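J.: Take a look at this one; I'll ask things after.
The values are calculated or read from the model by the stated rules, or taken from the named source; none is laboratory data. In this text, all values refer to a predicted model and were calculated from it rather than measured experimentally. When we count neighbours, we look across all protein chains shown, and the Cβ atoms used for this are built from the backbone with ideal geometry, even at glycine. What goes into the accessible areas is simple: the full protein's heavy atoms, side chains included, and nothing from ligands, DNA or RNA. Shrake-Rupley method; radii C 1.70, N 1.55, O 1.52, S 1.80 Å.
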Amino acid sequence: MIDISKDLVQVTRLALSEETEDVRLFVARLVRKYRTVDPELSKQMDVQLKAKVPRSQTLMRKITSQFEQPVPVDDQSGLSLLKVYRAEDSTEPPLLAPGIQEKMDQLIQERLQKDLLVSMGLQPTKSAVFVGKPGVGKTVTARWLAAQLQVPLYVLDLTAVMSSLLGHSGNNLRAALDFAKRSPCILLLDEIDAIAKSRNDDSDVGELKRLVTVILQEVDEWPSTGLLLAATNHPELIDRALWRRFDLIIEFGLPEISMVKSAVKRFLGADISLFEPWIEILAFIFHGYSFSDIERDIQRFRRAIALGMSSDTQLMEDFIKARVCELDHSSRIKLAVELAKQGSFTQHSIKALTGVSRDTIRKYTSDSSLKLQSSGRKAKS
Ligand SMILES: Nc1ncnc2c1ncn2[C@@H]1O[C@H](COP(=O)(O)OP(=O)(O)O)[C@@H](O)[C@H]1O
Ligand SMILES: [Mg+2]
């Protein structure tokens, strides 16, 4: 009785502070607590809990219990083994090459129409590997997928697991996998090549073999309520037997020029109008870089503008100076021509910036100042 009064006060407190998520968590705990002593009360609370599903979890109605599971921790350090990303409706779609986008769309449709697949004797994709350099969107894509499927994303950083005391890494891995299997979610095994890499260290080879075996079994037995993802920048290091087990391999390349342009526009955000005349040039210079590299530089420009420390033209000039040495001769000519079309710099300063002579620039822009002006305006419109 005393217990019930205390719990009632606690529910009231949480409800009045409008901590809806905490109310849900607490009520879920009460449902379990009273299940044996007062089954009727427990049932009624459970009915209420399930009747009012938070908007972001419509697809997860059946598994409110996922909030109750504590995330596993490393027993030596007490640090959490998994990074948790809750599904958020606001997650912005990543910029993806058309081929990758298609595969993602199919992955999502397979989940949303799972019953149809099953009725035809098929199973949705259970596992996939994302291959690609750092900063190309492997993690953001996993987050977005999770948001689309309305499930949480758990990320297990294998570099961290491997650097934890050997002998414990097996237990940690198993704890993380067991946790993720219990409820619908996406589990991302990040930097899966870390296991292979540490083979070169003086680490225990037997232990590493066991780790690979653990993952091998898990890929095979992964429940179709979940999706097991792995990410790597070094596919050649992955155990072949493990590689074969994954249902789908997706290669994230560096962005194509059209994607670079979209990224530049997106990352410019509210400053897009100021930088509009520079977009072609920015896209040209950023070609060959990852999304995160592009984002980092653009954020820096935006901060400089926000603080009034520089102008867009000055920023571009400094940026071109810093990057021009990476360009080959023909790219420098292309850049010089783009700059001439853009119209903010004189041919003299373009020569100073790119080393391309005025004659060459003229040759490629067919020597019409009218044409240059109209191109410049076109970029602005
Ligand atoms: N495809 C993409 N679309 C939009 N932003 C991206 C994309 N890829 C990377 N980014 C930006 O770069 C950051 C790092 O990307 P991330 O997904 O963590 O890369 P990784 O491939 O190393 O996992 C993201 O937080 C995001 O801001
Ligand atoms: Mg990542």
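J.: On the basis of being in the same structural domain as Val337 (by TED's automatic domain parsing), of a type outside the set (Phe, Trp, Tyr), more than 16 Å from ligand 2 (Cβ to nearest atom) and in contact with a Pro (Cβ under 7 Å, 6 or more places away or on another chain), does Ala263 make the cut?
T.: Here the answer is yes, as Ala263 does meet what is asked.
J.: If you go through the range 1-13, how many residues are at pLDDT below 85 and part of a helix (DSSP H, G or I)?
T.: Within the range 1-13, residues that are at pLDDT below 85 and part of a helix (DSSP H, G or I) number 2.
J.: Looking at the range 261-279, is at least one residue of a type in the set (Asp, Glu), part of a helix (DSSP H, G or I) and at pLDDT 95 or above?
T.: Scanning the range 261-279 turns up at least one residue that is of a type in the set (Asp, Glu), part of a helix (DSSP H, G or I) and at pLDDT 95 or above.
J.: For Arg111, which of the numbered conditions (1) more than 16 Å from ligand 1 (Cβ to nearest atom); (2) out of contact with any helix residue (DSSP H, G or I) (no Cβ under 7 Å at 6 or more places or on another chain) fails to hold?
T.: (2)
J.: Further question: Kindly list, by first and then second residue, each pair from a residue in the range 292-313 that is in contact (Cβ under 8 Å) with a residue 24 or more places away in the chain and farther than 30 Å from Gly132 by Cα to a residue that is open to solvent by 30 Å² or more (accessible area, probe 1.4 Å) and not in a helix (DSSP H, G or I), limited to pairs with Cβ atoms under 7 Å and residues at least 6 apart or on different chains.
T.: Thr313/Ser344
J.: Looking at this structure, is Leu95 open to solvent by less than 30 Å² (accessible area, probe 1.4 Å) and either away from ligand 1 (no atom under 15 Å from the Cβ) or in the same structural domain as Ile192 (by TED's automatic domain parsing) (or both)? Can you show your working first?
T.: Numbers: open to solvent by less than 30 Å² (accessible area, probe 1.4 Å): no; either away from ligand 1 (no atom under 15 Å from the Cβ) or in the same structural domain as Ile192 (by TED's automatic domain parsing) (or both): yes.
No: the conditions fail for Leu95.
J.: Looking only at the range 223-241, which residues are open to solvent by less than 60 Å² (accessible area, probe 1.4 Å) and either within 15 Å of Leu149 (Cβ to Cβ) or assigned to a strand (DSSP E or B) (or both)?
T.: Pro223, Ser224, Gly226, Leu227, Leu228, Leu229, Ala230, Ala231, Thr232
J.: A further question on this structure: Test of understanding: among Lys133, Lys138, Lys126, which residue is away from ligand 1 (no atom under 13 Å from the Cβ) and touching a residue at least 24 places away in the same chain (Cβ under 8 Å)?
T.: Lys126
J.: Assess whether Arg143 counts as being among the basic types (Lys, Arg), away from ligand 1 (no atom under 14 Å from the Cβ) and within 27 Å of Pro235 (Cα to Cα).
T.: Answer is no for this residue.
J.: Here is a follow-up. Which number in (1) in the same structural domain as Asp105 (by TED's automatic domain parsing); (2) open to solvent by less than 20 Å² (accessible area, probe 1.4 Å); (3) more than 16 Å from ligand 2 (Cβ to nearest atom) marks the one condition that Leu315 misses?
T.: Answer for Leu315: the failing condition is (1).
J.: Of the residues Leu96, Leu82, Leu112, Leu149, only one is modelled with pLDDT of 95 or more, among the hydrophobic types (A, V, I, L, M, F, W, C) and at negative phi; which?
T.: After ruling out the rest, the residue left standing is Leu96.
J.: While we're here: For the range 242-260, how many residues meet the condition of being assigned to a helix (DSSP H, G or I) and exposed (fewer than 14 other Cβ atoms within 10 Å of the Cβ)?
T.: Residues flagged as assigned to a helix (DSSP H, G or I) and exposed (fewer than 14 other Cβ atoms within 10 Å of the Cβ) within the range 242-260 amount to 3.
J.: Search the range 337-373 for residues being hydrophobic (A, V, I, L, M, F, W, C) and loosely packed, with under 14 Cβ neighbours inside 10 Å, and hand back the single one that is modelled with the lowest pLDDT.
T.: Selected residue: Leu370.
J.: Sort out which residues of the range 115-153 are part of a loop (DSSP other than H, G, I, E, B), within 16 Å of ligand 2 (Cβ to nearest atom) and touching a strand residue (DSSP E or B) at 6+ places or on another chain (Cβ under 9 Å), and write them in order of number.
T.: Our first condition is that a residue be part of a loop (DSSP other than H, G, I, E, B); within the range 115-153, this holds for 120-126, 133-137, 150-152.
Now drop any that are not within 16 Å of ligand 2 (Cβ to nearest atom), which leaves 133-137.
Scanning the range 115-153 gives Lys133, Val136, Gly137.
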